[in-house]
Amino acid sequence: MEDLREKYIAAIADAADESALEDLRVQALGKKGEISLQMRELGRMTPEERQVEGPRLNALKDEINSALGARRTALADAALDARLKDEWLDVTLPARDRRTGTIHPISQVWEEVTAIFADMGFAVAEGPQVEEDWYNFDALNIPAHHPARAEMDTFYMHRAEDENRPPHVLRTHTSPVQIRSMQAQGAPIRIIAPGRVYRSDYDQTHTPMFHQVEGLAIDRDLSMANLKWCLEEFFSAYFGTRVKTRFRASHFPFTEPSAEVDIQCSFEGGTVKVGEGDGWLEVLGSGMVHPKVLSAAGVDPAEWQGFAFGMGIDRIAMLKYGIPDLRAFFDSDLRWLRHYGFGALQVPTLRGGV
């Protein structure tokens, strides 16, 4: 038994790796190991001999197990020391650059527009994107024969033949939010309504889904002069330079009188520079809210009047940040977004007198 102890203790101390240790364990303590065979011999001994040899064999077995565990720990520590010598890191070095996400230009411009109009006292109003056709058309004085109500221009929601609910559409503008806001709040009121809108169109300057912001101001003595001031102050703050506007008579069912609004610009080398030159660029529609629209929203047109306007968020983003194609906004191209996107902590910079 002493020979077995000296044999395995020495062999365990000289084991070079985990595999060698496992072989020694099997040779000594496996089912057919030398110490295990000695344990089987206890059954042939007298009770007096077993009382002497049994504790000695158990002690030898425990000693071998302890030696195996100690050697296994020593090998693991040696392996860790070797890794630490080969795999080291200088923690004083600067961190590697990690690519971070960017804010989409539409989200950035949305925040800029909201901040500017907030300074002028406009609150933000929201409404559903799936809208009843009464809010989307009828309440806005859009007649049944108007081309905008055709299925080639508007997305209608499916309706079973036996359903008697009113038709629903994907809203074609955020004007229904104006109606809902006037119904809920009454007059006076001053709101903007940014949001997604949907029209059946797709080319370089149109997409089936785009973003729009509309404004509404109702009070007792508002006029087109107030509308012109409001828009010029907005564009001056948004583009960071004094911007002149030009109103051209137009027709919209929900305003009377109506006007399309141009902003001063120049065209040089295929780029548009806003606020300079003698050129003009049409950017939005506007006008005084039609009395029928006020009546539909529960506001007395004999007592209240006001103005409304609407512009594309995507379009003014293209103008300010030099983005040539509207469709790129929705292509999910990460390279495009890294180029035109904004940092997560980049706060919109607003200049100009508001």
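The values are calculated or read from the model by the stated rules, or taken from the named source; none is laboratory data. Treat the numbers as computed from the prediction; the structure is a model and nothing was measured. In this analysis, Cβ positions are derived from the backbone assuming ideal geometry, glycine residues included, and neighbour counts consider all displayed protein chains.
Restricting attention to segment 44-68, the residues being basic (Lys, Arg) and without any contact (Cβ under 8 Å) to a residue 24 or more places away in the chain number 2. Residues that are under 25 Å from MET288 (Cβ atoms) and of a type in the set (Val, Ile, Thr) within segment 195-249 comprise VAL197, VAL213, ILE218, VAL243, THR245, listed in sequence order.
Matching residues to (1) assigned by TED's automatic domain parsing to the domain that holds MET288; (2) part of a helix (DSSP H, G or I); (3) in contact with a helix residue (DSSP H, G or I) (Cβ under 9 Å, 6 or more places away or on another chain):
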residue: PRO94; (1), (2), (3): no, no, no
residue: ARG98; (1), (2), (3): no, no, no
residue: VAL109; (1), (2), (3): yes, yes, yes
residue: ALA118; (1), (2), (3): yes, yes, no
residue: GLU126; (1), (2), (3): yes, no, yes
residue: GLU131; (1), (2), (3): yes, no, yes
residue: ALA139; (1), (2), (3): yes, yes, yes
residue: HIS145; (1), (2), (3): yes, no, no
residue: THR154; (1), (2), (3): yes, no, yes
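From the list ALA302, ALA296, ALA249, the lone residue that is crowded, with 16+ Cβ neighbours inside 10 Å and either of a type outside the set (S, T, N, Q) or more than 27 Å from ILE106 (Cα to Cα) (or both) is ALA296.
Residue pairs whose Cβ atoms lie under 6 Å apart, sitting 6 or more positions apart in sequence or on different chains, and linking a residue in segment 220-234 that is farther than 15 Å from LYS244 by Cα and touching a residue at least 24 places away in the same chain (Cβ under 8 Å) to a partner that is small (Gly, Ala, Ser) and buried (at least 19 other Cβ atoms within 10 Å of the Cβ), are LEU222/GLY306. Among residues of segment 172-201 being among the β-branched types (Val, Ile, Thr) and under 24 Å from ALA302 (Cα atoms), the one that is nearest to the chain's Cα centre (by Cα) is ILE192. Consider segment 240-261 and keep the residues that are of a type in the set (A, V, I, L, M, F, W, C) and outside any strand (DSSP E or B). The one that is nearest to LEU281 (Cα to Cα) is VAL243. More than 30 Å from PRO291 (Cβ to Cβ) and in contact (Cβ under 8 Å) with a residue 60 or more places away in the chain, is that true of ALA115? Against the criterion (more than 30 Å from PRO291 (Cβ to Cβ) and in contact (Cβ under 8 Å) with a residue 60 or more places away in the chain), ALA115 qualifies.
Here is the figure for segment 102-133: residues that are aliphatic (A, V, I, L, M), closer than 19 Å to LEU227 by Cβ and surrounded by 17 or more Cβ atoms within 10 Å (Cβ to Cβ) total 3. When every residue of segment 69-90 is checked against the conditions, none turns out to be touching a Ser or Thr at 6+ places or on another chain (Cβ under 9 Å) and more than 30 Å from GLU22 (Cβ to Cβ).
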